[in-house]
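The values are calculated or read from the model by the stated rules, or taken from the named source; none is laboratory data. All values reported here derive from a predicted model rather than from experimental measurement. FYI the Cβ positions are ideal-geometry reconstructions off the backbone, even for glycines, and counts take in every protein chain you see.
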């Protein structure tokens, strides 16, 4: 009797401690960026086709991790000529570096409903460690097919020059055409694997 109770408790504890694995739903996820243009306004753009997996265990953050890939050729700033230029060797050089990736190293609780996500961002053939401020994950909801869905939003700031994106042009009134600092916002919807 005691052995069966103990076995039941161990099984329950094991199920409770199980890491949930999620796939990023590309149709409902995107990565946006914002950069100062001519020191007077922000230009915004986004990438679609965000893919990857999230392993999440709220009881053991050490078992949590994120692996994501973004198709750089999907860059969209709502201006065709600018998007074409961004795809060239002056910027992303998508022919040579078609994807950017993020691989987490550590997930840390920050405050209720928020996490810090430390990991390696590889962009333009350069890998640098970045920290993402994460809001979420959101409580799971049931989708139309009975699948469990969650989501999260993350932000960070990077120096584009650190990733070899150095193209610029001086403007007559002083300053430059494109700021060095880039603000990144990522929104992902997640589908839990069965």
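Descriptive notes on the structure:
- Test: residue in the range 87-98 that is in contact (Cβ under 8 Å) with a residue 12 or more places away in the chain, surrounded by 14 or more Cβ atoms within 10 Å (Cβ to Cβ) and outside any loop (DSSP other than H, G, I, E, B): no
- Residue 66 vs. criteria under 30 Å from residue 113 (Cβ atoms), touching a strand residue (DSSP E or B) at 6+ places or on another chain (Cβ under 9 Å), outside any loop (DSSP other than H, G, I, E, B) and in contact (Cβ under 8 Å) with a residue 60 or more places away in the chain: no
- Failed criterion for residue 52 (all others in (1) on the phi < 0 side of the Ramachandran plot; (2) surrounded by 15 or more Cβ atoms within 10 Å (Cβ to Cβ); (3) not in a loop (DSSP other than H, G, I, E, B) hold): (1)
- Scanning the range 26-49 for residues that are over 23 Å from residue 119 (Cβ atoms) and part of a strand (DSSP E or B) yields 36, 37, 41, 42, 43, 44.
- Taken as a whole, the range 9-20 holds at least one residue that is modelled with pLDDT of 90 or more and over 23 Å from residue 84 (Cα atoms).
- Within the range 141-160, the set of residues being over 18 Å from the mean Cα position of the chain (by Cα), at pLDDT 95 or above and surrounded by 12 or more Cβ atoms within 10 Å (Cβ to Cβ) comprises 147, 148.
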